[in-house]
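Q: I have a structure I would like to understand better, so I am pasting it below and will then ask my questions one at a time.
The values are calculated or read from the model by the stated rules, or taken from the named source; none is laboratory data. Predicted model, so just to flag it, every value in this text is computed and none were measured. Heads up, the Cβs are rebuilt from the backbone with ideal geometry, glycines too, and the neighbour counts pull from every protein chain shown.
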Amino acid sequence: MVSENMQAALNKQMNAELYSAYLYLAMAAYYEDSDLPGFANWMIAQAQEEMSHAMKFYDYLVQRGSRVMLDAIEKPQSQWKSALAVSEHVLEHEKLVTSMINNLVDIAVEEKDHATNNFLQYFVAEQVEEEESAGGVLQKVKLANNSPTGLLLVDSELGKRVFTPSTPEE
């Protein structure tokens, strides 16, 4: 069993991952309304990935004999000015999640909770990938520079993404 402090922090992160999924679904809906189905596909895959992250926290809490506590999920933003604004928001949000994961690691280290620290290392590595991916999409949107042709090319590329759940070893 993890400490009460660690349990509360892990539950908070699980709920933050659920919010991330909700936010990314709102972004997908925005893109659907903007006739950018490839961007919407990318955001749906992102939402699925965030749900899988939430479930990793859920499963870990259960495995450690801790209590899972679900909170209300805040209503996400649903309108943006442009694909560029959404892409900037995604990168900003991923940086926030990175800081939250880093804070969890700090707690695990402080409490000498080696098992939880080990569990969290997956998320440390995952956030490097998440920021790189979000930054790459943002860069492509910036390069498109509001060109309809450029946005459609990026949309076509993002439409090819398929969510693949991680294996238990990951």
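Q: Looking only at the range 63-81, which residues are on the phi < 0 side of the Ramachandran plot and of a type in the set (Gly, Ala, Ser)?
A: Filtering the range 63-81 for residues on the phi < 0 side of the Ramachandran plot gives 63-64, 66-81.
Residues satisfying the conditions are Ser66, Ala72, Ser78.
Yes/no per residue for (1) modelled with pLDDT of 95 or more; (2) in contact with a Pro (Cβ under 9 Å, 6 or more places away or on another chain); (3) within 26 Å of Ser34 (Cα to Cα):
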position: Gln63; (1), (2), (3): yes, no, no
position: Val68; (1), (2), (3): yes, no, no
position: Ala72; (1), (2), (3): yes, no, no
position: His89; (1), (2), (3): yes, no, yes
position: Glu92; (1), (2), (3): yes, no, yes
position: Leu104; (1), (2), (3): yes, no, no
position: Ala108; (1), (2), (3): yes, no, no
position: Ser133; (1), (2), (3): yes, no, yes
position: Thr149; (1), (2), (3): no, no, yes
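Q: Quick one: which of Glu111, Glu88 is farther than 20 Å from Leu25 by Cβ and among the acidic types (Asp, Glu)? Talk me through it step by step, then tell me what you get.
A: Working: Glu88 fails: farther than 20 Å from Leu25 by Cβ.
Answer to the check: Glu111.
Q: For the range 5-49, name all the residues that are assigned to a helix (DSSP H, G or I) and among the polar types (S, T, N, Q). It would help to see each step written out before you state the result.
A: Within the range 5-49, the first condition is being assigned to a helix (DSSP H, G or I), and the residues that meet it are 5-33, 37-49.
Within the range 5-49, Asn5, Gln7, Asn11, Gln13, Asn15, Ser20, Asn41, Gln46, Gln48 qualify.
Every residue, every condition in (1) surrounded by 16 or more Cβ atoms within 10 Å (Cβ to Cβ); (2) acidic (Asp, Glu); (3) touching a helix residue (DSSP H, G or I) at 6+ places or on another chain (Cβ under 7 Å), yes or no:
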position: Glu49; (1), (2), (3): yes, yes, no
position: Asp59; (1), (2), (3): no, yes, no
position: Gln77; (1), (2), (3): no, no, yes
position: Asn103; (1), (2), (3): no, no, no
position: Glu110; (1), (2), (3): no, yes, no
position: Ala115; (1), (2), (3): no, no, no
position: Leu120; (1), (2), (3): yes, no, yes
position: Phe123; (1), (2), (3): yes, no, yes
position: Ala134; (1), (2), (3): yes, no, yes
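Q: For Glu94, are the conditions met, namely being within 19 Å of Leu18 (Cα to Cα), assigned to a helix (DSSP H, G or I) and of a type in the set (Asp, Glu)?
A: Details: within 19 Å of Leu18 (Cα to Cα): yes; assigned to a helix (DSSP H, G or I): yes; of a type in the set (Asp, Glu): yes.
When the stated conditions are applied, Glu94 passes them.
Q: Looking only at the range 72-104, which residues are touching a residue at least 60 places away in the same chain (Cβ under 8 Å) and in contact with a Leu (Cβ under 9 Å, 6 or more places away or on another chain)? Full working, then the answer.
A: Within the range 72-104, the subset touching a residue at least 60 places away in the same chain (Cβ under 8 Å) is 82-84, 89-90, 93, 97, 100-101, 103-104.
Scanning the range 72-104 gives Ala83, Leu84, His89, Val90, His93, Ile101, Leu104.
Here is a yes/no grid of residues against (1) in contact with a Gly (Cβ under 9 Å, 6 or more places away or on another chain); (2) farther than 30 Å from Ser156 by Cβ; (3) aliphatic (A, V, I, L, M); (4) free of Cβ contacts under 8 Å to residues at least 12 places away in the same chain:
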residue: Asn5; (1), (2), (3), (4): no, yes, no, no
residue: Asn11; (1), (2), (3), (4): no, yes, no, no
residue: Ala21; (1), (2), (3), (4): no, no, yes, no
residue: Ala40; (1), (2), (3), (4): yes, no, yes, no
residue: Ala47; (1), (2), (3), (4): no, no, yes, no
